[in-house]
Amino acid sequence: MIPVRLQIKGFLSYYDPVDLDFTGFDMACISGSNGAGKSSLLDAITWVLFGEARRNDDAVINHRAQSPKINKPAEVIMDFDYENARYRVQRMKYKGKTTTLDFFIRAEDEGWRPLTEATLRATEERIRQTLRLDYETFINASFFLQGKADQFAQQRPADRKRILASILGLEVWEQYKDEALKRRRTRELELANVEGILAEYASELNEEQDRLAALKALQQEHETQNALAQASKQILDQQRLIADRLESDKALLEKQSIEIKRLKSELDQKLDDLRERQEEQKTFRLQIANEVQIRAGHAAWLEQQKKLTELDAQAVNFHQHESKRQAPLLKIEGERASLQAEFNALSSKEAEIASLRSRLPELQKQVEEAKQAVAADEAQLQMRAVLEKDMQDLQAEKARAKAENAVLKVEMDELADHRKELQEIHGANCPTCEKPLQETEKQHIINDLTARGTQKAEIYRKNLKFFEGVDAQYKEKETALASLQRVEADLKLQQRLFDSKSEELTRSQADIEKWQADGLKRIETLRTSLKLEDFAADARAALAEIDKELKKLGYDAAAHARARAAEEAGREYQAQLLSLEQARSALVPLEREIETLEKSVDVSEKHLQTLEKEYQSASQKLNESLAASPDLAELQRTYRDLQEQVNSLLTKVGYARNRVDVLDDVKKQQAAKEEEKQEILKQVAKLKMLEKAFGKDGIPALLIEQSLPEIEEHANEVLDRLSSGMMRLTFATQREYRDSKREDRKETLDIMISSSAEERAYELFSGGEAFRINFALRLALSRMLAHRAGARLSTLVIDEGFGSQDAEGRQRLIEAINYVRDEFSKIIVITHLEELKDAFSARIEISKESNGSQVRVVAA
């Protein structure tokens, strides 16, 4: 993994965006004052790749970016090359929110193709799988973080082995072991299944003799029940033939019953027809007996009809003359309606004028009141300009104080940050003048910063109190201005009221004057004319002439109505005369039909009596036969029950025979399953061997054993340079148990140091010697990781240790780094010492500015 570009914004001490390009150098040092942000640069790399830094969660967000007004995220973007591909990781964190993480790979079209998974954890796992190492391996081998030079050496032996296995890429053997375990468990499940099946086969074969005996018993029982069923069937068939004959007799008897009912129905119909004809005969004879009376009434009706015809002609003449009255009558009524409508309209107007006269004083009073209200509102509105000017002045004063407070807030925050930074510094240079800073001088500066902050805070609080006073005055003016707005609205209302009432007063006075001039005279004229009925004189004269002619005709409408009623009453004699003639012509054939019906009724009654006697005799015989016959349904149930038993036994026999026959197949399947079981047992044994081989005490342990000499060699090459050949490192993989009775040895990974013909454990060294051992050991691990097949990590970062060495020791460290520089694509060293800066081909300078840490790359 080779870093290409690092972009930081809002992360720890970095507020403004910082863009660091790694392509311009192979080896560089990072320099800067204490607290400038050197280690934060490395935190950005571990945070963006693994989500790990010295501080996590919201603590990684720059304190200024966290403020509610700004609320910017911590964001780090890193581009790196790995195994001939370029990747990008982007991690972002807002205060109080979940971290977002995106992973990309450079596509052929120079764009970025996303590799981001559905969740944060899944994406982090994707990054770890791509790099083939986790955070712990990264900081143990490639990153020498501040205060963690002994990260690897201080681990327990088991953890050293685990980290070494990760550096060597031995995780794949754990995957092999898991796969072998997975396959073994699958085979063991298959084995358990096969053994279960074999147990079922054995249990089934143990039942062979019982199954044969059960088959024989069922066959004998089936033969017995089948014989009983056949005998029952013969009896049932005989009884069915008898039942069929009885059913035929019953059907014939039913037909006779239907025929008797039909004949009775025909006889009833004939009797009804006979009675109906006899009633008609009686009616006809009665009509013939009243012949004289009917003919006399008919003659009187004809005379009345003649008289009515004469009156109808006289009525037509009368109505022709009477229709002439309509024209003059309509003209008279039309004239009356016109005069009455005009009179009604003038009467309404007269009432309206009377109402107007009564309202004039009140209307004049309302006009005067509205005029006075308008004048009063106009006087109040003259204060608006004064209030608006006062409010503008107050707003300007508030804006000035608010702007001053904003400046004071920034200055107070900067003073607080400066004071906090000084409080956290111990025994370092002044961040302003770069000179050594004594404790008393530091406290003096802190006190000065505190006093300046207190002074600015006092001004800030005074401005806040000033805001309260301005707000109160502004609110008072605003309330007064709002009341003037209500006055303005009232002015518009009063002006409209004044205009409306003035217009209404002028209109009312004009209406009264017009009425006095015209309307009063006209209404009196109309009242007199309607009362005397002196209008439409021509129409009234024409109507009198028509009435005189009608009187001469002498037409009596009442006599005409009586004649019409008498004619209508006599019309029934016309119908009676017609019925008389019809009765006389129909009586003879009707009497012949009655005689025929009487003879037919007599014949039908005799035939019906004969059929009823025959039906009674046949019905009695059928009932006797039915009573003597057995219960056919019971016979059917008996046969059905026997047949069901036979069928059930037949099914049981078939099932029992199948249970016997299937045992041959079971024996064959048992043999096949036994062979399958033996094969699975062989596979399980092989997989157990593979599990042990792939486990930590198998192949990985051998590979670690094989790698230790190479690590020792790399470490001793560096340690030899750092100690002038006085120190040498070895690994001990076994040691004796504390229990002296145990003859075996304990697996371990201890670090032993030979110095001055004496071998001591690593834990007995301290100070500069311990650092040289740690440095040599960590550098050896980094070289191993840089050469690891399939997961090369060609970057070395050192943020540790030069201050613990004297001048000669520091020079040897530089030589050791130069010794291995060709094995790494990038080497970055953080130093606080000016004398070491020139030892590197490039320098990354970190400075603390007002807008956060800034980065600048400088060539040596």
Residue 341 - would you say it is without any contact (Cβ under 8 Å) to a residue 60 or more places away in the chain, loosely packed, with under 15 Cβ neighbours inside 10 Å and not assigned by TED's automatic domain parsing to the domain that holds residue 582? yes
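Regarding segment 631-644, can at least one residue be identified that is among the acidic types (Asp, Glu) and in contact (Cβ under 8 Å) with a residue 40 or more places away in the chain?
Let us first name the residues in segment 631-644 that are among the acidic types (Asp, Glu), namely 631, 634, 641, 644.
Subset that is in contact (Cβ under 8 Å) with a residue 40 or more places away in the chain: none.
Within segment 631-644 (the criterion being among the acidic types (Asp, Glu) and in contact (Cβ under 8 Å) with a residue 40 or more places away in the chain), the answer is no, since none of the residues qualifies.
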If you scan segment 477-517, which residues turn out to be farther than 30 Å from residue 389 by Cα and of a type in the set (A, V, I, L, M, F, W, C)? 497, 498, 505, 510, 512, 515, 517
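What about residue 409, is it surrounded by 13 or more Cβ atoms within 10 Å (Cβ to Cβ), assigned by TED's automatic domain parsing to the domain that holds residue 506 and of a type in the set (D, E, K, R)?
Numbers: surrounded by 13 or more Cβ atoms within 10 Å (Cβ to Cβ): yes; assigned by TED's automatic domain parsing to the domain that holds residue 506: yes; of a type in the set (D, E, K, R): yes.
Taking the combined requirement at face value, the residue satisfies it.
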For segment 748-860, please list each of the helices (runs of 4 or more DSSP H) lying entirely inside it that holds at least 3 residues being at pLDDT 75 or above. 767-786, 807-820
How many of the residues in segment 360-400 are surrounded by 14 or more Cβ atoms within 10 Å (Cβ to Cβ) and either of a type in the set (Lys, Arg) or not in a helix (DSSP H, G or I) (or both)? 3
Mind counting the residues in segment 569-610 that are closer than 29 Å to residue 294 by Cβ, exposed (fewer than 13 other Cβ atoms within 10 Å of the Cβ) and among the polar types (S, T, N, Q)? 2
Flagged pairs (Cβ under 9 angstrom, 6 or more apart or on separate chains; first in segment 303-319, under 25 Å from residue 548 (Cβ atoms) and in contact (Cβ under 8 Å) with a residue 12 or more places away in the chain; second among the hydroxyl-bearing types (Ser, Thr, Tyr) and surrounded by 10 or more Cβ atoms within 10 Å (Cβ to Cβ)) are 311/555; 314/555; 315/555; 317/555; 318/555
Residues of segment 102-160 classified as of a type in the set (A, V, I, L, M), at pLDDT below 80 and within 24 Å of residue 797 (Cβ to Cβ), total: 6
Being closer than 17 Å to residue 1 by Cα and without any contact (Cβ under 8 Å) to a residue 60 or more places away in the chain, is that true of even one residue in segment 47-54? yes
Do you know which residues across segment 611-632 are under 18 Å from residue 236 (Cβ atoms) and either acidic (Asp, Glu) or modelled with pLDDT of 80 or more (or both)? 631
Answer yes or no: is there a residue in segment 687-696 that is farther than 30 Å from residue 182 by Cβ and either of a type outside the set (Ser, Thr, Tyr) or without any contact (Cβ under 8 Å) to a residue 24 or more places away in the chain (or both). no
Name every residue in segment 605-621 that is closer than 15 Å to residue 246 by Cα and either hydrophobic (A, V, I, L, M, F, W, C) or not in a helix (DSSP H, G or I) (or both), in order of residue number. 618
Which members of segment 415-455 meet the condition of being at pLDDT 85 or above and under 17 Å from residue 848 (Cα atoms)? 415, 416
Is it the case, given these coordinates, that residue 709 is farther than 18 Å from residue 182 by Cβ and touching a residue at least 12 places away in the same chain (Cβ under 8 Å)? no
Would you please list the contacts, defined by Cβ atoms under 8 Å and residues six or more apart or on different chains, that run from a residue in segment 195-213 that is in the same structural domain as residue 674 (by TED's automatic domain parsing) and of a type in the set (S, T, N, Q) to a residue that is assigned to a helix (DSSP H, G or I) and loosely packed, with under 12 Cβ neighbours inside 10 Å? none
Residue 495 being of a type outside the set (Ser, Thr, Tyr), within 18 Å of residue 374 (Cβ to Cβ) and assigned to a helix (DSSP H, G or I): yes
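Residues that are under 29 Å from residue 814 (Cα atoms) and among the hydrophobic types (A, V, I, L, M, F, W, C): find the strands (runs of 3 or more DSSP E) completely inside segment 1-91 holding 3 or more of those. Break it down into steps so the answer makes sense when it comes.
Numbers: elements: 2-9, 18-21, 27-31, 74-82.
Hits in segment 1-91: 2-9, 27-31.
Within segment 229-248, is there a residue that is part of a helix (DSSP H, G or I) and within 30 Å of residue 659 (Cβ to Cβ)? I'd like the intermediate steps shown before the answer.
Our first condition is that a residue be part of a helix (DSSP H, G or I); within segment 229-248, this holds for 229-248.
From what is left, the residues that are within 30 Å of residue 659 (Cβ to Cβ) are 229-230.
Checked against the condition, which is being part of a helix (DSSP H, G or I) and within 30 Å of residue 659 (Cβ to Cβ), segment 229-248 yields at least one hit.
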Kindly provide the set of residues from segment 58-83 that are modelled with pLDDT under 85 and hydrophobic (A, V, I, L, M, F, W, C), ordered by number. 65, 70
Kindly establish whether residue 271 is closer than 21 Å to residue 611 by Cα and surrounded by 11 or more Cβ atoms within 10 Å (Cβ to Cβ). yes
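Every residue, every condition in (1) surrounded by 11 or more Cβ atoms within 10 Å (Cβ to Cβ); (2) closer than 30 Å to residue 634 by Cβ; (3) out of contact with any Cys (no Cβ under 9 Å at 6 or more places or on another chain), yes or no:
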{"site": "185", "(1), (2), (3)": "yes, no, yes"}
{"site": "206", "(1), (2), (3)": "no, no, yes"}
{"site": "209", "(1), (2), (3)": "no, no, yes"}
{"site": "212", "(1), (2), (3)": "yes, no, yes"}
{"site": "241", "(1), (2), (3)": "no, yes, yes"}
{"site": "262", "(1), (2), (3)": "no, no, yes"}
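Could you say which residue among 456, 462 is in a helix (DSSP H, G or I), in contact (Cβ under 8 Å) with a residue 24 or more places away in the chain and not aromatic (Phe, Trp, Tyr)?
Details: 462 fails: in contact (Cβ under 8 Å) with a residue 24 or more places away in the chain.
On inspection, the qualifying residue turns out to be 456.
The values are calculated or read from the model by the stated rules, or taken from the named source; none is laboratory data. All of these numbers come straight from a predicted model, not from anything done at the bench. Backbone-built Cβ (ideal geometry, glycine too); neighbour counts: all protein chains shown.
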